[in-house]
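Have a look at the structure below, then the notes.
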Amino acid sequence: MEAIVMRAEELRLGKVIAEDIFANTQYPIIYKDTKVKSEHLRVIELFNLKTVLIYNDIEEIKSIETNSEKNPLTVPLPKYISFENYYNDGIVQLKKEFLNWAAGGKIDLTKVRGFMIPLIEKVLEDRSYIYNINNYSIPKDYLYHHCIATGLIATVIAKKMGFERGDTIQLAIAGMLADSGMSRIPARIRDKKNALTSSEFEEVRKHSFYSFMLVKNNPAMKEVMKEAIFQHHERLDGSGYPNGIRNGSISTFAQIIAVADVFHAMTSERVYRSKQSPFKVIEMIKEEEFGKFDIKVVQALIDIVVDLPIGTKIELSNLELGEVMFINKYSPTRPLVKLTRTGELLDLATNRSFYISRVITKDY
């Protein structure tokens with residue numbers, strides 16, 4: 001049957017794909033003989049494909065139907081406008097999936113991608129959404145928020161470090177699933193409000209292994225991403241778990257998830273503690289956790305958080321409002337700010353009793 005090459009922007013609904021389509025993936029993102037639907041156009045756009053091979057005569061293959069089980073990457077995407085709506089939908093969907101995993105079910109990557117890809121697209125377009133993630137979270141649902149937030153923070157770190165788009169998307173999914181193994185931890189431990197006993201803590205430490213087992217046999221995820229899930233609590237100085245391995249044995253992808261995981265955990269409101277400023281947390285990771293994380297990954301996160309254009313509206317730890325006037329490259333988390341109320345210039349690098357508590361974005 002004759003096939004022709006068509007530019008991706010000219011592809012229309014109803015055309016039929018003439019060859020398996022790969023995008024730096026082990027398995028096709030769209031399979032041969034798939035009839036193009038709107039969700040396939042979104043996937044093609046997402047992976048930035050330029051051309052597609054299609055059958056020339058659609059009438060000869062009317063009977064071909066898309067096999068959705070065979071094609072796990074092409075999923076309907078919800079049609080929202082705001083990031084917050086996509087995010088809240090993701091939390092609802094993740095809760096459903098988590099209950100299924102807790103009951104012994106397998107991870108359905110089609111469903112996971114369905115609620116994660118729109119969020120991934122949003123933060124790839126505008127990383128400032130990362131500033132608002134903690135504003136949507138509530139302590140009792142922390143685990144679900146943490147899973148999604150870790151994936152999204154890993155997304156912007158990977159992009160900042162220059163990783164190819166396909167790997168960035170896979171890493172985002174891996175970051176979201178890194179704590180999926182918590183579903184296999186008994187609820188009485190997982191939901192405990194006070195301090196864990198030593199035996200309970202040891203049980204929680206098994207979650208990275210359980211997460212790995214949940215994705216181990218899934219052919220749609222790269223092996224390096226499965227390894228990253230398993231290693232995301234390892235530390236370069238050997239102080240991590242489950243195996244206490246050191247520097248050379250820990251993948252960069254695992255390090256990205258690790259930094260994203262720690263950053264979100266430290267900036268989040270929990271049942272037993274209040275949330276902390278991302279700028280304060282950046283300083284803590286850089287200083288107090290030195291030697292545990294890949295400095296290139298930490299620096300990428302720093303660059304993301306402190307990259308504030310002149311005029312950015314901020315709130316200080318004393319609740320004063322202001323705007324950024326100058327970034328000190330030697331102390332990037334502590335810029336020179338102009339206070340809104342008085343017009344006073346305040347150098348946070350020398351006035352260290354204050355710090356930026358939040359960035360005021362257009363969406364919050």
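The values are calculated or read from the model by the stated rules, or taken from the named source; none is laboratory data. Source: prediction; values computed, not measured. Here the Cβ is made from the backbone with ideal geometry for all residues, glycine too, and neighbour counts use every protein chain on show. Accessible surface areas use protein heavy atoms only, side chains included; no ligands, DNA or RNA. Shrake-Rupley method; radii C 1.70, N 1.55, O 1.52, S 1.80 Å.
What number comes out for the charge environment of Gln255, summing +1 per Lys or Arg and -1 per Asp or Glu over other residues with Cβ under 13 Å away? Result for the neighbourhood of Gln255: -2. The chymotrypsin sites (Phe, Trp or Tyr not before Pro) of region 287-332 that DSSP puts in a loop, and whose beta carbon has at most 14 other beta carbons within 10 Å, are Phe290, Tyr330. Here is the list for region 147-221: GluC sites (Glu not before Pro) lying in DSSP coil, each with at most 14 other C-beta atoms within 10 angstrom of its C-beta, are Glu164. In this rough spin-label picture, where each label sits 7 Å from Cα along the Cβ direction, the Asn243-Glu125 distance is 4.1 nm. Taking the inverse of the mean 1/r over every pair of distinct Cα atoms in region 323-364 gives a Kirkwood hydrodynamic radius of 10.9 Å. The Rg/Rh ratio for the chain is 1.01, where Rg is the radius of gyration of the alpha carbons and Rh is the Kirkwood radius. Per-residue surface analysis assigns Phe209 an accessible area of about 90 Å², computed on protein heavy atoms at 1.4 Å probe radius. Dividing the convex hull volume of the alpha carbon atoms of region 94-200 by its residue count gives 119 Å³ per residue. Rg and Dmax of region 255-364, based on Cα coordinates, read 14.1, 43 Å. Taking Cα atoms, how many degrees apart are the long axis of helix 109-125 and the longest axis of the chain, rounded to 10 and kept between 0 and 90? Rounded to the nearest ten degrees, it is 60. Excluding same-chain neighbours fewer than eight residues apart, the lysines reachable from Lys338 by a Cα-Cα span under 29 Å are Lys160, Lys275, Lys280, Lys286, Lys313, Lys329, Lys362. With each label modelled as a point 7 angstrom along the Cα→C-beta vector, the Leu53-Asn318 pair spans 6.7 nm. In the structure shown, the pairs Lys106/Lys206; Lys111/Lys296; Lys96/Lys206; Lys216/Lys292; Lys159/Lys222 are assessed against 24 Å; a Cα-Cα span above that value is assigned to Lys111/Lys296; Lys216/Lys292. For the residues Asn328, Asn88, Asn134, a GNM of the chain with alpha-carbon springs under 10 Å puts the largest fluctuation on Asn328. Our compactness index for region 170-245, the C-alpha radius of gyration over the empirical 2.2 N^0.38 Å, is 1.14. Dividing the radius of gyration of the alpha carbons in region 108-167 by their Kirkwood radius gives 0.98 for Rg/Rh.
For region 277-353, trypsin sites (Lys or Arg not before Pro) meeting the loop criterion (DSSP other than H, G, I, E, B) and having at most 12 other Cβ atoms within 10 Å: Lys329, Arg341, Arg352.
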